[in-house]
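The values are calculated or read from the model by the stated rules, or taken from the named source; none is laboratory data. Treat the numbers as computed from the prediction; the structure is a model and nothing was measured. Positions of Cβ are backbone-derived with ideal geometry, glycine not excepted, and every protein chain shown enters the neighbour counts. Accessible surface areas use protein heavy atoms only, side chains included; no ligands, DNA or RNA. Shrake-Rupley method; radii C 1.70, N 1.55, O 1.52, S 1.80 Å.
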Amino acid sequence: MGGEVLEPQRLNRALSFDDWVPDEVQHLVMGYVDDPQDREAASRVCRRWHRIDALTRKHVTVAFCYAAHPARLRERFPRLESLSLKGKPRAAMYGLIPDDWGAYAAPWIDELAAPLECLKALHLRRMTVTDANIAALVRARGNMLQELKLDKCIGFSTDALRLVARSCRSLRTLFLEECPITDKGGEWLHELAVNNSVLVTLNFYMTELKVAPADLELLAKNCKSLISLKMSECDLSDLISFFQTANALQDFAGGAFYEVGELNKYEKVKFPPRLCFLGLTYMGTNEMPVIFPFSMKLKKLDLQYTFLTTEDHCQIIAKCPNLLILEVRNVIGDRGLEVVGDTCKKLRRLRIERGDDDPGLQEEQGGVSQLGLTAVAVGCRELEYIAAYVSDITNGALESIGTFCKNLYDFRLVLLDRERQVTDLPLDNGVRALLRSCTKLRRFALYLRQGGLSDDGLSYIGQYSGNIQYMLLGNVGESDHGLIRFAVGCINLQKLELRSCCFSERALSLAVLQMPSLRYIWVQGYRASQTGLDLLLMARPFWNIEFTPPSPESLYHMTEDGEPCVDSHAQVLAYYSLAGRRSDCPQWVIPLHPA
């Protein structure tokens, strides 16, 4: 309106952020960009932005330890403060990957610990970490290390923990959950209590470590900021003094009722006033009153390792209307889930793990079906995460979840094979309805039984999963054609795991080529050959393909639970990597590409 109209070339120059903003300002602006995808997009604008991103990046997650070389990471991000590194495939958590498969922490710690002068936090998941590796980390970073997370890692002992406790006096988080740690004595906890005064989170839950309650009390006295303690099994009556001292504690798990039925022994247990996250072990019907006085305060409740019946679950949950997170076994039954739907209107996360496999017990105690899931979907409309083992399921129940749970970002369903018949298979229409409605989904897992999902259902997953980045599928589809139809729609899928499917190697390769964002695929239980040569059809630059043929001597061997042995099925692992072919493959893994 009367002003000068800039020509396109002049307009671009006038709007160019890169031309007139000083480096110092760009550094400050980039410091407010935390999302990894936004960071990646910004780093591609020009060389200057790429350099500024490199100098200001504080945290990096390496989703698979063989996808990058540690030296390259150090050169790219010299001022990293926090590094997360994932090792073995998730299947390792279920005994499907042997311990000596790889994922060794040594190359990463040796390369990065000393040169990254700003590194304060290290998170390793499903990796092999030795005492020597931890010693090298402590020597290089002990004075600065604030956070050390070893999540489901193997290979180290309490000797390494004692060294960490003595040397890392700024440590705020020590996380060791589900690590099979070699116990050489409980001195590590005493050293931690004596030398640390700033610890906020200590987690050695689901380990076999034995500790002295007096050391926990000393830790609480010296670390006034201790907010979270998740520990190995310890009788709750031995923790009375600890609870009296830990006034800031909000999150506790691991206390056990060793003498079930002896409520008198536990009457003096009084939890800290701020406690709102709780997980207790071996709790039975008679011990439930211990948590009743503060049940209204509870925001998280973990009942996975208790002896509670369906009716017990109903009684407890009815007294916990403010729960945000609930973790149970499927003994909760449909009746228990109906109480959840009626009571827990604020619930965000629901996890229902597999319970006792005794069919008689399941019939007596309950079991989860479409009735319970529907009740939860209708009643708990703020749910963001559902993971459930179910005995029965219908298309209608999945449709209800899609209709009422619009905030879901993570949905995982496993259909158990206890029942001879399932009410409503295949689940094609229910899966389609759920995916069409839950547009915020980023993670999706569906492990069914034969006939659970047709080729049409598999194509629906591809068609309506445009935003999903991680997917696990088991016992789905009918043919290679269904897999190809699925793959065509998965434009944003980055990580795919397949189990117990009917697909050929050729179809797997062609499917991979149809998924432009795929960075990682792991497959077990498919129509495998002895050589895996058809897998080379997916070969391309920077794409590693590893083939594990079935072990002939294990084809007819079974585990104690009646499941096939780990190595009785062929496995495929293919992933994008800038590090080239890995050098630590065990003999039974065949690297197909690069040759």
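Worth a mention:
- Computed per residue of the chain from DSSP H runs no shorter than four, each worth -39500 (n - 2.57), the mean residue ellipticity at 222 nm is -8500 deg cm²/dmol.
- Distance between the 7 Å Cα→Cβ label points at VAL62 and VAL198: 2.6 nm.
- Which of SER500, SER295 is most accessible, then next, and so on - probe 1.4 Å: SER500, SER295
- Once the Cα gyration tensor of region 423-464 is diagonalised, semi-axes √(5λ) in Å: 18, 10, 10
- Stretchable slack from SER504 to TYR94, in nm (0.36 nm times residue separation minus alpha-carbon distance): 145.2 nm
- Mean-position separation - Cα centroids, region 434-472 and region 212-267, in angstrom: 43
- With the alpha-carbon atoms of region 117-263 aligned to their principal axes, the span from lowest to highest coordinate is 52, 28, 22 Å, starting with the largest.
- Simple label model, 7 Å out from Cα along Cβ direction - LYS210 to GLU178, nm: 2.6
- Calculated translational diffusion coefficient of region 80-154 (20 °C, 1.002 mPa s; Stokes-Einstein with Kirkwood radius over alpha-carbon pairs) equals 170 µm²/s.
- 1.4 Å probe accessible area per residue over the chain, in Å²: 45
- Accessible surface comparison of TYR266, TYR258, probe 1.4 Å, protein chains only, largest first: the order is TYR258, TYR266.
- TYR305, TYR447, reordered so the largest accessible area comes first (probe 1.4 Å): TYR305, TYR447
- Apolar share of the accessible surface for region 254-318: 54 percent from carbon plus sulfur atoms, 1.4 Å probe.
- For region 425-494: relative contact order, % (alpha-carbon pairs under 8 angstrom, 6 or more apart): 36
- In terms of overall dimensions, the C-alpha atoms belonging to region 488-541 reach 31, 25, 16 Å along their principal axes, ordered largest to smallest.
- Estimated Rh, region 452-521: Kirkwood, alpha-carbon pairs, angstrom: 11.5
- Here's the picture: a label point sits 7 Å out from the Cα of GLU382 along the beta-carbon direction, and within region 317-343 the residues with their amide nitrogen under 18 Å of it are 317-327, 339-343.
- Contour minus Cα-Cα distance for ALA132 and LEU55 (0.36 nm per residue): 24.7 nm
- Modelled spin labels at LEU371 and SER157, positioned 7 Å past Cα toward Cβ, are 5.4 nm from each other.
- Calculated FRET efficiency, LYS224 to SER529, Cβ-Cβ distance, R0 = 56 Å: about 0.35 to the nearest 0.05.
- Distant-in-sequence amide H partners of THR423 (H built 1.01 Å from N, under 5 Å): ILE393
- Stretching ARG442 away from ARG540 to a fully extended chain increases their span by 32.6 nm, per 0.36 nm per residue minus the current alpha-carbon distance.
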